[in-house]
Each structure stands twice: as C-alpha cells, then as structure tokens.
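Colleague: Have a look at this one.
The values are calculated or read from the model by the stated rules, or taken from the named source; none is laboratory data. Just so it is clear, the model here is predicted, and its values are computed rather than measured. Note that we place each Cβ from the backbone using ideal geometry, even for glycine, and neighbour counts take in every protein chain shown. We work out accessible area using only protein heavy atoms, side chains counted, and drop any ligands, DNA or RNA first. Shrake-Rupley method; radii C 1.70, N 1.55, O 1.52, S 1.80 Å.
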Amino acid sequence: MLVLIGASLDVPLGTAALAASAYTLGYGLAQPAWGMASDRFGRVRVMRLSLAAAALGALSSAAAPGAASLVVARGLTGACFAAAIAGSLTYVGDTVAPAERQGALSSLMSAFALGTALATVVAGVLAHWVSWRVVFALPGLLAAYLVLALRRLPEPALAPRKVGALHTVVRSRWQWYVMGVAALEGGVLLGCFTYLPPALESLGAAPAAAGAVAALYGVAAMGGAQVVRGPARRLGPVALIVMGGAQVTLAYAVAAAHPSLLTLGLSAVLLGGGWAFLHSTVQAWATLLVPEARASGIALFGVALYLGSALGTELASGPAQRGAFQGLFGVAAILAVPLTALAAYGRSRYGRDGGTENGSERGSGGACGSRDGRPPRRERSRRAADPRPSDPRTDGPARQR
C-alpha cells in the first residue's frame, strides 16, 4: 500500500513508509503501559478502552489529509491496538487452567495467523480496486464493533499484590530469563525470516511468487497450532520446545545449503511449524510467571520479542544487501541451536523449581507443578477426597487452601 499512499499524497516512498514505522513503534512502546493499566483496572475494561481509541485512530488515518497527519494517526493507532493481543493472551492466562492453556493459546495463535492472512489479502484487493483509505477505515469499524461485543465478556478477578505491577514483574528472575529467550527468538525466527522473500527474488522469482512462498509460513503456523494441541498433553513443554527448535534449525539449514524455490518454500513451512511449537510453548510459559501482574509480564515479553526481531532484521540487513543469503541463513541455523537449548533448559529448570518465585504459578504446564500437567500425587489424593469443583481462574497459589 505504501506506493499507493505515496502517489495519493504526492510524497516519496520513504515518507510514506514513516506511517508504517510509526505504527510499529507505537505498537511496541505502548505495550508495557497497557499491561500495567490492565493489571490495575481490569482486562476487559482496558481492552475495550484501547479498541475505542484504536477505532478513532484508524478512522483518522483513513481521513488524513496529508503525510504528517497520517504518520501521527498511524502512531496513535498502533499504540492503541497494542493492548488487543497482549490483553487476549492475558485473559487466557487468567481464565484457563495451566494444564489446558497450551491448547487455548494455540487456538488463539491460529486466530492471529488467520486474521493476518485475511487482512493481507483483503488489504491488497481494497487498496488496488477501491482505495487505501478504506483499508485503514475497515479495522476501525471492526474495533468499534468489538468495543460493544466485549461487554458480554466476564471480567476476571485481579490477583492481589503488595507493590506495583511493574515492580512485581521486574523482581522475577524467571521473567528476565524468558524475556531473553523471547528476544533471541525474535531475532532468529522473525528477524531472519524477513529476508526469505528477497532471497527468492534474488534467484529470479517474481515478487508475487516470493510473496506466495512466504505465505506458506502463515499456513504452516495455522496448521501447526492445531497439531501441537495433542503432543502438548502427552509430551510436555520441553519436548515441544525441542521439536520446534529442530524445525527452525532445519529450515535455515536447508535454505543455506541449496536455495531454490522448492527449498525456500520448505523453509517457510518449517519455520511456520517451528513458530507453532516453539513460540506457543514459550508464550504459555510467560503466562505462568507472575500471575498477580500477568498483563505487565506478557507485555514486556512482547516488547522483548519485537525488539529482538528489529535487532535481528537490522543485523541481517548487511549480508542481505550484498546478496549473501546463504551465509545469513547459515548463521540463523547455528543460532537456532542455542535458542532451543536455552529455552528447553530454562523450561525444565522452571518445572523442577516449581515456579514458585514471587508467587508465580507452579509447574511446567500443570496446576501444581507436575511435568505432565497433573497435580502432584499428594495433591491428587487430596482432591480425590475433596472432589468439589475448582475455579480455573484461581489456579495457582490462590487455590491452595
């Protein structure tokens, strides 16, 4: 759309691209603020407020008379939409028991991937045949509808805490560890994936063909998000991380060994599968860390992921400009190994530690610390004697009587 926007507003392509940069910058920087607000005022309330502001920003973008006003409107819109995905992830963390959370987050990831794929297709069609302004207006109308629809969504009870949400989060050493894993994951998986389509075009592929091959990533991510639900129950999070990391490593190794339309297409599929297995597991781990300030923790997790992606994209830009795509993908394959090792080792240690630091939810996917998602034997015996139903929203320390 940037070419169409530049032509419509009579500005260079670089100036039009500032609108996209402003949206991304606003999206990344606003996440911690929305997270702290969500921990203070409630998940649904903050999501509705942010979507109402995002609707105004999107409609202002559609009506922008010039480049400067468009850049400001896109920055505002990105900052407001930043609460939507982090808020939905937090809501799942609050309302779904840890043993079931991996499957719920996988379904949520499928919705994200489907929305992104549909938006890409619809935006291209509308921008070409109607107007780029309609592309900005449509999400604003959908956001306004969601403000009303979310009234029916029950508000989870906020967990009590003694200090502020941000202070609670930064005191957790596991939060910092997972943020480090997220930053490395963003650089390796997202940052280097950016150069898959240019690598195809360097081989003579048309831009449409390169885009179609890159779209296989989204298809694989959607499929993998559904496939991972079964193994998540049987194998546990560490095995899922290893499986996802192996797919990422193989994807970049194949791309580095013999780049072609076929091998780079296979790489896109493997990277989508790796994202579904690796990222969804690390993301589920992030929801366990600081339940009394969950929204702030997830927001900082997202910031680390996007900063890592931006850094990886920047560091890889030099080799990409020289056309050294094989070397770029080779380095990515090598870095995928320590990424997998750090994520698997940390997740295993978190399970053994019980995940009890700073009141965090215990266990590596289960309600009270067992690696298979079940409570420990003593807890199972107690529940057998006391079969009263429990509220999954209070899973963790709050449910200990």
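Colleague: How large is the charge dipole for the chain, taken about the Cα centre, if only the Cβ atoms of Lys, Arg (+1) and Asp, Glu (-1) carry charge, to the nearest 20 debye? The partial results should precede the final answer.
Modeller: Working: 33 positive and 17 negative charges, 337 e Å.
Rounded to the nearest 20 debye, it is 1620 debye.
Colleague: Per residue, how large is the accessible surface of the chain? Use a 1.4 angstrom probe and give square angstrom.
Modeller: Values: 18200 Å² over 401 residues.
Accessible area per residue: 45 Å².
Colleague: Report, in whole Å, the centroid distance computed from the Cα atoms of the stretch 15-73 and the stretch 231-250.
Modeller: For the stretch 15-73 versus the stretch 231-250, the Cα centre distance is 35 Å.
Colleague: On the principal axes of its Cα set, how long, how wide and how thick is the chain? Give whole Å, largest value first.
Modeller: Principal extents (Cα only, largest first): 71, 49, 32 Å.
Colleague: For the stretch 40-127, what class follows from the C-alpha gyration tensor (a ≥ b ≥ c being the square roots of its eigenvalues): rounded when a/c is under 1.5, otherwise prolate if a/b is larger than b/c, else oblate?
Modeller: Working: a/c = 3.86, a/b = 1.61, b/c = 2.40.
It is oblate, given that a/c is not under 1.5 and a/b is not larger than b/c.
Colleague: Sorting check: for 270-283, 168-181, 188-201, 140-153, which peptide has the highest mean count of neighbouring beta carbons within 10 Å, and how do the rest follow? It would help to have the intermediate numbers written out before the result.
Modeller: Details: 270-283: 26.8, 168-181: 20.1, 188-201: 22.1, 140-153: 14.6.
Descending mean neighbour count gives 270-283, 188-201, 168-181, 140-153.
Colleague: Hey, rough spin-label estimate for HIS258 and ALA68, points 7 angstrom out along Cα→Cβ, what's it come to in nanometres?
Modeller: 5.7 nm
Colleague: While we're here: Which percent of the accessible area of the chain is formed by carbon and sulfur heavy atoms (probe 1.4 angstrom)?
Modeller: Numbers: 12540 of 18200 Å².
Carbon and sulfur together cover 69 percent of it.
Colleague: Roughly what angle does helix 13-41 make with the longest principal axis of the chain, taking Cα atoms, 0 to 90 degrees, to the nearest 10?
Modeller: Roughly 20 degrees, rounded to the nearest 10.
Colleague: Using the alpha-carbon centroid of each, what span in Å lies between the stretch 308-346 and the stretch 81-135?
Modeller: Answer, in whole Å: 26.
Colleague: Which of rounded, prolate or oblate describes the stretch 62-174 when judged by the alpha-carbon gyration tensor and an a/c cut-off of 1.5?
Modeller: Details: a/c = 2.39, a/b = 1.73, b/c = 1.39.
Because a/c hits 1.5 or more and a/b exceeds b/c, the stretch 62-174 counts as prolate.
Colleague: Can you give the calculated 222 nm mean residue ellipticity of the chain, where each DSSP H run of n ≥ 4 adds -39,500 (n - 2.57) and the sum is split over every residue, rounded to the nearest 500 deg cm²/dmol? Show your work: numbers first, answer last.
Modeller: On the way: 17 runs with 300 residues, N = 401.
For the chain, the value works out to -25000 deg cm²/dmol.
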